[in-house]
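The values are calculated or read from the model by the stated rules, or taken from the named source; none is laboratory data. If you're wondering where the values come from, they're calculated on a predicted model, not measured in any experiment. Ideal geometry is used to build each Cβ from the backbone, glycine not excepted, and the neighbour counts take in all protein chains shown. The accessibility values were calculated without ligands, DNA or RNA, using every heavy atom of the protein model including side chains. Shrake-Rupley method; radii C 1.70, N 1.55, O 1.52, S 1.80 Å.
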Amino acid sequence: MIELAHHILDIGENSLRAGAKNILIEVKEDETNGFLVMEITDDGYGMTEKELKRALDPFYTTKKVRSVGLGLPMLAEAAERTGGSFHLESKPGKGTKVTARMGLKHLDRQPLGDVGGALTALIIASPTTRFIYRHISGKGAFEMDTEKIEKEVEGLPLNEPEILNFIREYVNSHVKELSPEV
Amino acid sequence: MAKLTIEDLKKIKERVMAETSLREGQKRVKVTVHMGTCGIASGAKEVLDALMREIEESGATDIMVTTSGCMGLCSREPLVTVEIAGQEPIKYEYMNPNKMRQVFKRHILAGEIQTPFVLARGAEKTK
Ligand SMILES: Nc1ncnc2c1ncn2[C@@H]1O[C@H](COP(=O)(O)OP(=O)(O)OP(=O)(O)O)[C@@H](O)[C@H]1O
Ligand SMILES: [Mg+2]
């Protein structure tokens, strides 16, 4: 994956496949400790302890169309490559939390990239799921909540191209201000 | 890039509401971009971005965009399916932003199937 935004889209798709109704995506720039933390929390059907143990194995997938599952191992590898760490937490019936800690200044860290585009792609995939994107840096905080956007547009579906294009630019313009170099 | 605010959304809302009331119901075209890890890694998100920008620039309001999961055809990704109402679906393979823009202008807007990129015609089950 070229950008962290690609991982956000990919991990978010796992959550959607697990039937999540609420997905929280957080990106925290921790300059003091030199980390960039990406955390995705969902309320999907979760994984049993046995499934959780296998989730990082590239030859494990519950998809029916093929025999490899690469999303989680790729993110784990991307985090470890930058001197960071990867953590997976899940409870059946409760949900799943994926945490990737990356070296903020490490040369191998992928740029954050088009987060707004990743979010719109997720909204297109599931317009009725509630997505919250939270971004925190030394400069301040930003939050985009699709439930608030929905209220604002009074019943228009969020997957109208004009609304999606707004969401993409809304998120990207705020993220750029908070993290111009990330 | 100027920072957008919720105020900007209010203007968009008025416009979209006016358009939706004119259009009444069904959209003319449905475009599906196939995602999944291998699709994303091979550029499916950039194909989707290009499509969204073309729709925005053209001002078209009769196009619906969706995504779907991996179909197991990882080596031919990114894949895009175009369904025009009343016609059989056309599946395009090895897409990129340039090919997407071409398919948008020539097929979606002008009705000419872009044969060199076609993988398959007709419906099939995907998951
Ligand atoms: N948020 C989640 N909730 C429940 N199960 C999950 C979640 N994320 C991953 N899993 C389980 O872990 C498996 C491996 O996930 P991973 O993303 O690595 O591969 P995949 O989604 O199966 O395929 P790919 O990502 O390559 O398209 C999934 O098939 C699924 O069973
Ligand atoms: Mg996956």
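Quick look at the values:
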read-out	value
Shape call, chain A: gyration tensor on alpha carbons, a/c limit 1.5	oblate
Partner chain coverage, peptide A:5-17 - average Cβ within 10 angstrom	3
Dipole-positive endmost among A:A55, A:L107, A:A76 within segment A:1-157 (Cβ charges, Cα centre)	A:A55
Charge dipole (the protein assembly as shown, unit charges on Cβ, about Cα centre) - positive-most of A:T120, B:Y94, B:S58	B:Y94
Segment A:92-178 - charge dipole about Cα centre, Lys and Arg +1 at Cβ, Asp and Glu -1, debye rounded to 20	660
Spatially near lysine pairs across segment A:49-155, Cα under 30 Å, sequence gap of 8 or more or different chains	26
Nearest-0.05 FRET efficiency for A:T48 and B:A2, computed from C-beta distance (R0 45 Å)	0.40
A:R81 accessible area, assembled protein chains, probe 1.4 Å, Å²	90
Extent along principal axes [Cα atoms of the protein assembly as shown; Å; largest to smallest]	54, 46, 38
Angle in degrees between helix B:6-23 and the longest Cα principal axis of chain B, rounded to the nearest 10	70
Ordering of B:85-96, B:70-81 by packing [mean C-beta count within 10 Å, highest first]	B:70-81, B:85-96
Inter-chain shielding of B:47-54 (mean C-beta neighbours from other protein chains, 10 Å cut-off)	3
Accessible area per residue in Å² at 1.4 Å probe, computed on segment B:12-127	47
Accessible surface of B:K11 - all protein chains present, 1.4 Å probe, nearest 10 Å²	130
Nearest-ten-degree value, helix B:44-58 long axis tilted from longest Cα axis of chain B	40
In nm, spacing of pseudo-spin labels at B:K27 and B:R106 (7 Å Cα→C-beta vector)	2.3
Nearest-20 debye value, chain B charge dipole, Cβ charges on Lys, Arg, Asp, Glu	100
Choice from B:T66, B:T20, B:T115 showing the highest fluctuation, given a GNM over chain B with Cα pairs closer than 10 Å	B:T20
Cysteines without a disulfide-compatible neighbour (Cβ-Cβ under 4.7 Å), chain B	B:C70
Pair A:V68, A:E143: separation of 7 Å Cα→Cβ label points (nm)	4.0
Choice from A:E150, A:E162, A:E29 showing the highest fluctuation, given a GNM over chain A with Cα pairs closer than 10 Å	A:E162
Inter-part distance where segment B:47-74 and segment A:2-65 are each reduced to a Cα centre, Å	24
Gaussian network model of chain A, Cα within-10 Å springs - most flexible of A:K63, A:K53, A:K91	A:K63
Neighbouring partner chain Cβ atoms per residue of B:63-70, average, 10 Å criterion	5
Estimated inter-spin distance, B:A120 and A:L107, nm [label 7 Å along Cα→Cβ]	4.5
The protein assembly as shown - percent of accessible surface contributed by carbon and sulfur, probe 1.4 Å	52
Cβ crowding within 10 Å averaged over residues, with A:165-172, A:13-20 ranked highest first	A:165-172, A:13-20
